[in-house]
Amino acid sequence: MSSTAPARHADHVAHVRAATDRALAAAGFDHLLIASGRQKYQFLDDRPYDFAANPHFKWWVPLGAHPDCWIRYTPGEKPVLAYHQPADYWHLPPSDPEGEWVESFDVRVIRDPAEARKVFPANLARAAILGEADAALGDAVPNSPEPILHRLHLARTRKSAWEIERMRAASRRAARAHRAAAGAFRAHASEHAIHLAYCEAAGQGERELPYGNIVGLNEHAAVLHYQHQDRDPPAEHRSLLIDAGASVDGYAADITRTFGNGDPEFTALLDGVNRVQMALADAARPGVDFRELHLDAHRGLAGVLADLGLVRMSPEAIVETRLSSAFFPHGLGHFLGLQVHDVGGFLADESGATIPKPEGHPFLRCTRTLEAGNVVTIEPGIYFIDLLLDGVRAGPHAGAIDWRRIEHLARFGGVRIEDDVHVTDGAPENLTRDAFRALA
Ligand code: GLY
Ligand code: MN
Ligand code: MN
C-alpha cells in the first residue's frame, strides 16, 4: 500500500497546530494547555490503576505512559512540553525524551508535577485547559471549553497521513495475533489460553491493548461484550468470536473474527455475514451517510436471515417489523483512532450540534456523513441472544421463525466480523483485510 516515504510526525503536528489555531481563534482563547493526566490509585490503597493518558495529549505526542506531563501551545510559537521524569527508585522513570516527535517541541524536563506551572502562560484566564479535574495545579483548573472540544473532536475525525500509518501498523499487529488465536481455537484451548496466545503474538498485554479482549467460545459468542475468560476448555469447540485489537503509538485497531467447526449451517451463516460485511466496507466512501449504511447493514443481514430460512419473511419485512434488531442489536460501527470509540461520531458541525440516531437504533455510535480521512469500523453481526429471542417468541412474529434452526445455531452463539476502514477519495482502504493479506 505505502510505497512512498514514511509520513513525518512533524507534518502531523503541523496538522494538529492548524486545527488548534482555528479552534482557539473561533472560541476566543489565546493558549491551549493539555494535561496528560494523573496516575490513579485504588481506594485506601497504594495500588495504581493502569494509566490512561488524555487522548488530546496523545494527539500531539505519542506518549501514552507518561502522567503529570503538560503541553502548552500558543499559536505562532513552538509547542512546549513539560516532560515529567521524576527521581524515583520505586519505579522505572520515563526514559529521556527521545523519538521523532522531539523536534516539534520545546521539551523541558521536570522532576516534580508542580514544576509544570513554569511553562504555563501568565494569564490563565485566556487559556483553554484540557484535562480531568484532578490534573488541576493551583489556579490552573481544567475548563475543557466545549467550543474548543467540538472543534478538536471534529478535526480528530480526519486523520493525518502519520496517523493512518500508525493505524495500518496497529491492524498488522492485531492481524498477527488473530491468526495465533485462531490456531489456539483449533488446538482446543480455553478462552483464557486463546487470550494469552493473542497477547503473545501481539506483543501486548492488558496495559497496552486498546480494550479488553472479548474471547467467547460457543454460546459466549452471543454476549456482545463478553467480559470473562473461562480457564477450562469446553467439552466441544464449536465456535470462537474474538474481538481484540492492538495499539501503535496510541492508535487502536479494533478487529473481530468468528470461526466455526465446519458445521454447514454455521458455515453458511459465517459466509453470509462475511459477504454483507465486505459490501458495507466497500461502500464506506465520502458522502455516504453512516446512518444509511447502518440501515443497509440491517437490509443485508435480513437477506441472510431470509436466505438461510431462519426468518420466513422478505428481507424488507424483517427490517420493517424490527425483527432484524433482535439478531443485530448494535450499531454498524464507530470512528476509530486514539480511542476505540473515537470522538465526534454525532457532531453535525463545529457548533456542537448533533445528528440524531435513526429512531429505533439507540446503539449506533456514528451518524455523520463520511469524509476522506475518516477511519470507521464496519462490524455487522448476527447473534442468538436468549433475552432478545424471548421477546420475539412472545411477540406477533414468532410464527415466522424457524425455531429448530435457531436452536441449532444458538449453540454457536453468533457471528461478528469487524474491519477498520480508512475512507479515501478513491476506493476505501481496508486496513484490516490488507493486514491479513500481508500475513498470508
Ligand atoms: N471492541 C468494541 C467494539 O467493537 O466496539
Ligand atoms: Mn468496534
Ligand atoms: Mn470490536
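No value in this document is a laboratory result; all are computed from the given coordinates. In this text, all values refer to a predicted model and were calculated from it rather than measured experimentally. Quick reminder, even Gly has a Cβ in these numbers, built from the backbone with ideal geometry, and neighbours come from all protein chains shown.
Things worth noting here:
- As a ratio to 2.2 N^0.38 Å, the alpha-carbon radius of gyration computed for the range 85-133 takes the value 1.42.
- Local net charge near residue 124, Cβ-Cβ under 12 Å (Lys/Arg +1, Asp/Glu -1): +1
- Each Lys and Arg adds +1 at its Cβ and each Asp and Glu adds -1 at its Cβ; summed about the Cα centre, the range 148-271 shows a dipole of about 780 debye.
- Cα centroid separation - the range 67-122 against the range 231-284, whole Å: 42 Å
- Residue 256 sits among other residues whose Cβ lies under 11 Å from its own Cβ, and their net charge, with Lys and Arg +1 and Asp and Glu -1, is -4.
- For the chain, the longest piece that avoids every one of the GluC sites (Glu not before Pro) found in DSSP loops with at most 12 other C-beta atoms within 10 Å covers 237-358.
- Of the chymotrypsin sites (Phe, Trp or Tyr not before Pro) found in the range 342-422, the ones in coil according to DSSP and having at most 13 other Cβ atoms within 10 Å of their Cβ are 363.
- Residue 415 long-range amide H proximity, modeled H, under 5 Å: 382, 383
- What you get for the range 95-144, charging only the Cβ of Lys and Arg (+1) and of Asp and Glu (-1), is a dipole of about 340 debye around the Cα centre.
- The lysines within cross-link reach of residue 118, meaning a Cα-to-Cα straight distance under 21 Å and a gap of 8 or more places when in the same chain, are 78.
- Assuming charge only on the beta carbon of Lys and Arg (+1) and of Asp and Glu (-1), the dipole of the chain about its Cα centre is about 320 debye to the nearest 20.
- Applying both filters, DSSP loop and at most 11 other Cβ atoms within 10 Å, to the chymotrypsin sites (Phe, Trp or Tyr not before Pro) of the range 1-108 gives 43, 49, 89, 90.
- Karplus-derived HN-Hα couplings along the range 191-199 (A = 6.51, B = -1.76, C = 1.60, θ = phi - 60°), whole Hz, x at Gly and Pro: 4, 5, 5, 5, 4, 5, 4, 5, 4
- Helical runs assigned H by DSSP (4 residues or longer) give the chain a calculated mean residue ellipticity at 222 nm of -10500 deg cm²/dmol, each run adding -39500 (n - 2.57) before division by the residue total.
- Building the convex hull from the alpha-carbon atoms of the chain and averaging its projection over directions returns 23.2 nm².
- Alpha-carbon centroids, the range 312-331 and the range 195-223: separation in whole Å: 30 Å
- Calculated FRET efficiency for the pair residue 4/residue 117, C-beta based, R₀ 41 Å, to 0.05: 0.45
- Hull volume in cubic angstrom per residue (convex hull over the Cα atoms of the range 222-336): 139 Å³
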